[in-house]
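Here's the structure we're looking at; comments come further down.
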Amino acid sequence: MAEVTQSKSSIKTVIEWFGTTLGQIIVAVVVPVITGYVMVKGFIFLRDGEAPKYVIALVAIIWGVGGVALIYYITNWLIEKLPAKWMAKLQPFLFVGPAVAILSWYMAIPTVRTLVTSLYDRTGEVFVGLDNYIAVFSERIMTVAFRNNLLWIVFGATLSVIFGLLVAVLADRSRFEKFAKSLIFLPMAISFVGAGVIWNFIYEVKDAASPQIGLLNAIWVGLGGQPQAWTAMNQPWNNLFLIIIVIWLQTGYAMVIFSAAIKGIPGELLEAARVDGATEVQVFFRIMIPYIMGTIITVATTVVIFTLKIFDVVWVMTGGQFATHVIATQFYRQAFTNQNKGLASAIAIILVICVIPVMIYNLRQFADEEAF
Amino acid sequence: MKSAKSQKRLSDFIINGSLLLLVFIWTIPTLGLLISSFRTRFDIQTSGWWKVLPHREWVQIEELEIPEGLDPDGIMTIEGVTGTFEEFREGITDPDGRQIIWSGNKRLATIRISDERWVFLPKLTLENYGQVLAGKTYEIKTSSGDIMTVEGDNFVGAFLNSITVSIPATIIPILIAAFAAYGFAWMKFPGRKLLFIMVVALLVIPLQIALVPILKDYVRLDLNGTFLAIWLAHTGFGLPLATYLLFNYIKGLPRDILESAFIDGASHFTIFVRLIIPLSVPALASFAIFQFLWVWNDYLVALVFIGAKPDVQVLTMRIAEMVGSRGADWHLLTAGAFVSMLLPLVVFFSLQRFFIRGMLAGSVKG
């Protein structure tokens, strides 16, 4: 009994000791050091550890997610120990700081670094001025890529928007709305790589003597044609067969946004037009389209930006062969296959220049809101 | 009155008909893959996946040895039909509608007799999934008739890698973005507006801009091919949108809740953890689904920052590699591709509502 009381009181002294300034400082140093040590150990275990895969997976997830939470928690704990004046000054930087640091490291500073690299040659040592940009606009492989990207935007983006609108309008008036929307939306969950595999079963070609296992060729041969290598022949129109894959993937996105916009059109407006004798086609073009024009522009912009950066589909389906390269695949090829960082950086900068109008529009919108 | 009614019925028919036609076209590609993944290696290579539907097909009913003393260079009579070697190679149809085919060369061959019949029950198998998931071996018959044993493909490792990459690469940016969104929405500090303008400006910057410099940093820091490297990369690329979306949501929360919490003496951190996070669950969930699908399906970022390390390879890389190197192993590819779609499809269908809400918030603003 006496022993228990004694140990209790010794715990008390320990806690009291931590209450002193010196104790607080020591704790404030020791806790982050221990945390840092555990984090580094975890990193080394994950990088070099020989544990079974699922153990590594579990440790990695706990280490990664828990680690970030812990860093916030401990830093805040330290900040809250400071005098109130300091705390008020420092706490916002705890909240915003990590995001700003990561954004700077991964997006803002790289933009400048890439801009600088684009002015140097492939080794990054000799300054060449605008030579890389001249090469980008004059070399044939690059002009082909630009032409293809144009095809992607003209056909891919436009048809995604048109099909999305079409499905949204039809579904809005159909009994099967939920069912139809779910299935058209489903490809959104599939990766481009997976989509590539899926569409191989549509485009596959076998020689004329054997049965066709690709659906498109089976139909084509059934109608009396010769088997076609759809993604390789008739350049540049073979690009369209790659574009179809992305239309298939993106239509669901456009549809969902349009569907919400259409539901926002006041019913009285449509009713009034119909009572006045407008046909359905007139209602669609004269009322619905103007009413949701803002949404159409937003969706179109999003889809165009997305199409501009298209990479995976081309890379998996053709690898850029048969004149199917686009800007992003050329970027990858120059940067990592040809090791020409200068030219690759110039390509990346051109991609950025393409999106600058949208960026300015976004910033204007933001400035107009003024609620900040 | 009557004509108006029938007109309504007609337009209903057109609307539902064209909608269902579009749905049909949209579904066929995926359906084709799903069906193919249950077919045998031989079937995938030799007939279209739609052959699982009832159809008429030549079915072999008998296989005979070549009768003794037959001269392949002259005219032969087999099973009651006569013809030359070339004709038998092509196949000769006998009066009963059976086809007799000489299979093989002149000296080494068998006679195959087949009949055209309706085939209703497709041959389906789970073997492909077994080979993909458990890395079982399988046997293939080469054109010369030898049997070759080939290793299946172990997707479990890549699947676990995909999970290890995706879960933290979803939660970390959300956590960081939520803190930042709260800071921008409810705290006063110098440079607040300027920093937020940076977030808005970075919304549309293509990630290609960062690949070369970040790879350089990773090589210098010896981070390349680690999970940390790819989490951070996905965090960086996902942060602008995450911060922007969550900022819009958190800013819209009623101010009085916060003020009363302040009066009660709660710190920013407590308010954030106890109040803001629980209140923001719908927005957090929306973005989480978005980011998860994006990371799970990503190929480019993984290719650049994992690239050379096969044991960290994620599913999309594994599949893309198979498309390239094992173009003939379609049976593995189909099952593998379907395994890779499983998790996103489950997430997608169970949380569709949140996903759509997130997309609406993202596009109406951005």
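The values are calculated or read from the model by the stated rules, or taken from the named source; none is laboratory data. Small disclaimer: the values here were computed from a predicted structure and weren't measured. No Cβ is skipped: glycine too gets one built from the backbone with ideal geometry, and neighbour counts run over all protein chains shown. Areas reflect the complete protein model, heavy atoms only, side chains present, ligands, DNA and RNA absent. Shrake-Rupley method; radii C 1.70, N 1.55, O 1.52, S 1.80 Å.
Pick out, from the stretch B:70-113, the strands (runs of 3 or more DSSP E) lying fully within it that include 2 or more residues that are hydrophobic (A, V, I, L, M, F, W, C).
Counting at least 2 such residues, we get B:76-78, B:99-104.
Pick from A:96, A:116: which is more than 9 Å from every other protein chain (Cβ to nearest Cβ) and in a helix (DSSP H, G or I)? First the steps, then the outcome.
Details: A:96 fails: more than 9 Å from every other protein chain (Cβ to nearest Cβ).
Every option except A:116 fails the conditions.
Name the residue, out of A:34, A:44, A:102, that is at negative phi, under 34 Å from the mean Cα position of the chain (by Cα) and either at pLDDT below 90 or not in a helix (DSSP H, G or I) (or both).
After ruling out the rest, the residue left standing is A:44.
Within the stretch B:205-229, count every residue that is touching a residue at least 40 places away in the same chain (Cβ under 8 Å) and assigned to a loop (DSSP other than H, G, I, E, B).
Looking only at that region, the number is 4.
Looking only at the stretch A:213-231, filter to residues that are touching a helix residue (DSSP H, G or I) at 6+ places or on another chain (Cβ under 6 Å) and more than 10 Å from every other protein chain (Cβ to nearest Cβ); which one of those is farthest from residue A:193 (Cα to Cα)? Explain how you work it out, then say what you get.
Just the residues of the stretch A:213-231 that are touching a helix residue (DSSP H, G or I) at 6+ places or on another chain (Cβ under 6 Å), to begin with: A:214-216, A:227, A:230-231.
If we keep only those that are more than 10 Å from every other protein chain (Cβ to nearest Cβ) too, we end up with A:216, A:227, A:230-231.
On the way: A:216: 20, A:227: 25, A:230: 18, A:231: 16 Å.
Filtering first and then ranking leaves A:227.
Looking for whichever is closer than 30 Å to residue B:174 by Cα, among the hydroxyl-bearing types (Ser, Thr, Tyr) and open to solvent by less than 30 Å² (accessible area, probe 1.4 Å) here; the options are A:104, A:118, A:174. Which one fits?
Within the list A:104, A:118, A:174, the selection yields A:104.
Going by the structure shown, is residue A:216 under 19 Å from residue A:314 (Cβ atoms) and either in contact (Cβ under 8 Å) with a residue 40 or more places away in the chain or out of contact with any Leu (no Cβ under 9 Å at 6 or more places or on another chain) (or both)?
Criteria met by residue A:216.
Matching residues to (1) aliphatic (A, V, I, L, M); (2) open to solvent by less than 40 Å² (accessible area, probe 1.4 Å); (3) facing chain B (nearest Cβ under 7 Å):
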| position | (1), (2), (3) |
| --- | --- |
| A:38 | yes, no, no |
| A:46 | yes, yes, yes |
| A:52 | no, no, no |
| A:55 | yes, no, no |
| A:69 | yes, no, yes |
| A:73 | no, no, no |
| A:79 | yes, yes, no |
| A:90 | yes, no, no |
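Which residue, of B:265, B:252, B:307, B:324, is open to solvent by 30 Å² or more (accessible area, probe 1.4 Å), at positive phi and without any contact (Cβ under 8 Å) to a residue 12 or more places away in the chain?
Just one listed residue meets the conditions, B:265.
Considering only the stretch A:348-364, how many residues are within 8 Å of another protein chain (Cβ to nearest Cβ) and not small (Gly, Ala, Ser)?
8
Would you please list the contacts, defined by Cβ atoms under 8 Å and residues six or more apart or on different chains, that run from a residue in the stretch B:91-113 that is basic (Lys, Arg) to a residue that is loosely packed, with under 11 Cβ neighbours inside 10 Å?
B:106/B:73
So which residues in the stretch A:222-232 are without any contact (Cβ under 8 Å) to a residue 40 or more places away in the chain, over 14 Å from residue A:202 (Cβ atoms) and either assigned to a loop (DSSP other than H, G, I, E, B) or touching a Pro at 6+ places or on another chain (Cβ under 9 Å) (or both)?
Of the stretch A:222-232, the ones without any contact (Cβ under 8 Å) to a residue 40 or more places away in the chain are A:222-230.
Imposing the further condition that a residue be over 14 Å from residue A:202 (Cβ atoms) reduces the set to A:222-226.
Result: A:223, A:224, A:225, A:226.
Exactly one of these conditions fails for residue B:55: (1) in contact (Cβ under 8 Å) with a residue 12 or more places away in the chain; (2) surrounded by 15 or more Cβ atoms within 10 Å (Cβ to Cβ). Give me its number.
(2)
With the structure loaded, tell me whether residue B:14 is assigned to a helix (DSSP H, G or I), modelled with pLDDT of 80 or more, under 30 Å from residue B:133 (Cα atoms) and open to solvent by 30 Å² or more (accessible area, probe 1.4 Å) or whether it fails that test.
Numbers: assigned to a helix (DSSP H, G or I): yes; modelled with pLDDT of 80 or more: yes; under 30 Å from residue B:133 (Cα atoms): no; open to solvent by 30 Å² or more (accessible area, probe 1.4 Å): yes.
Taking the combined requirement at face value, the residue does not satisfy it.
Residue B:21 fails exactly one of the following numbered conditions: (1) touching a helix residue (DSSP H, G or I) at 6+ places or on another chain (Cβ under 9 Å); (2) modelled with pLDDT of 80 or more. What is the number of that condition?
(1)
Among (1) within 19 Å of the chain's Cα centre (by Cα); (2) under 20 Å from residue B:203 (Cβ atoms); (3) facing chain B (nearest Cβ under 9 Å), there is one condition residue A:303 misses while meeting the rest; what is its number?
Here residue A:303 clears every test but (3).
For the stretch A:232-251, name all the residues that are open to solvent by less than 40 Å² (accessible area, probe 1.4 Å), of a type in the set (A, V, I, L, M, F, W, C) and closer than 19 Å to residue A:193 by Cβ.
Selection gives A:242, A:243, A:245, A:246, A:247, A:248, A:249.
Could you please tell me which pairs satisfy a Cβ distance under 8 Å, a separation of 6+ or placement on different chains, a first residue in the stretch A:278-302 that is without any contact (Cβ under 8 Å) to a residue 40 or more places away in the chain and open to solvent by less than 40 Å² (accessible area, probe 1.4 Å), and a second residue that is assigned to a helix (DSSP H, G or I) and among the acidic types (Asp, Glu)?
Taking only residues 6 or more apart or on different chains, not a single pair turns up.
Go through (1) closer than 28 Å to residue A:299 by Cα; (2) polar (S, T, N, Q); (3) over 23 Å from the mean Cα position of the chain (by Cα); (4) assigned to a helix (DSSP H, G or I) one by one and return the number of the condition residue A:132 breaks.
(1)
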